[in-house]
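Everything below concerns the one structure shown next.
The values are calculated or read from the model by the stated rules, or taken from the named source; none is laboratory data. Worth saying up front: this structure is predicted, and the values here are computed from it rather than measured. Heads up, the Cβs are rebuilt from the backbone with ideal geometry, glycines too, and the neighbour counts pull from every protein chain shown. Note: accessible area is taken over every heavy atom of the protein model, side chains too, but ligands, DNA and RNA are not part of it. Shrake-Rupley method; radii C 1.70, N 1.55, O 1.52, S 1.80 Å.
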Amino acid sequence: MKVRQDAWSHEDDVLLAETVIKHICEGSTQLQAFEEVGDELNRTSAACGFRWNAVVRQRYVRQIAEAKKERKERKRAMSYSYFTQRKPVWSPPPTINVQPSLQPAPKEMSLDSVIHYLQNLSLESDSSSLEEENAALIKTNLELINRNRELEGEIQKLKQDSSIIEEDYQSLIQIMNRARRMAILEDEEALSSASFKMDKNGNLEKLAK
């Protein structure tokens, strides 16, 4: 279990940003990037995802856009290379006679068809990447919700403990006040029951009982 509570340093943020951008450029997912950074920094992938979406991502908007553009161009180039290297699916049927065929020669696939195919492939790839990112965000959100519930429980317990301490304190104050009043009453009773006489110098002195 990875448990780490210290703050994110500038170097941690840079490592997180570089790793995520690298995965975006290579056509990987952000979730894989979060797991890689988590292994490197001994943090959970959820913590890395939360740090990325809450703080770091806003600092690298331009780099993210360039990485997505490069990923799209790379996929387009790979698809085009695969498409041009494939053997034609259609092959003319063998002819029996030596007379030239009157049927028109089949046309090869046009450039428009290739572009249309690549566009659909790019849209499917972007959709898959968005679904993976959405799944990572949902996972991060669930972990944060569970953590929030744990913290709310701890806060509630602290409130209960504080209430008990406050009640004990008030009870102690009341006991001290009663004790002080009793001491004052005893002093007053002692003074009222005492007898005094005036000496030759005009001072009062207490008479012994």
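Points worth noting:
- Computed with a 1.4 Å probe on the full set of protein chains, the accessible area for Met198 sits at about 130 Å².
- Note on Asn201 and Lys75: the model spin-label points, each 7 Å out from Cα along the C-beta direction, lie 10.9 nm apart.
- At an R0 of 41 angstrom, the distance between the Cβ atoms of Asp161 and Lys22 translates into a FRET efficiency of 0.25.
- Peptides 28-38, 68-78, 145-155, ordered by how many other C-beta atoms sit within 10 Å of their residues on average, highest first, read 28-38, 68-78, 145-155.
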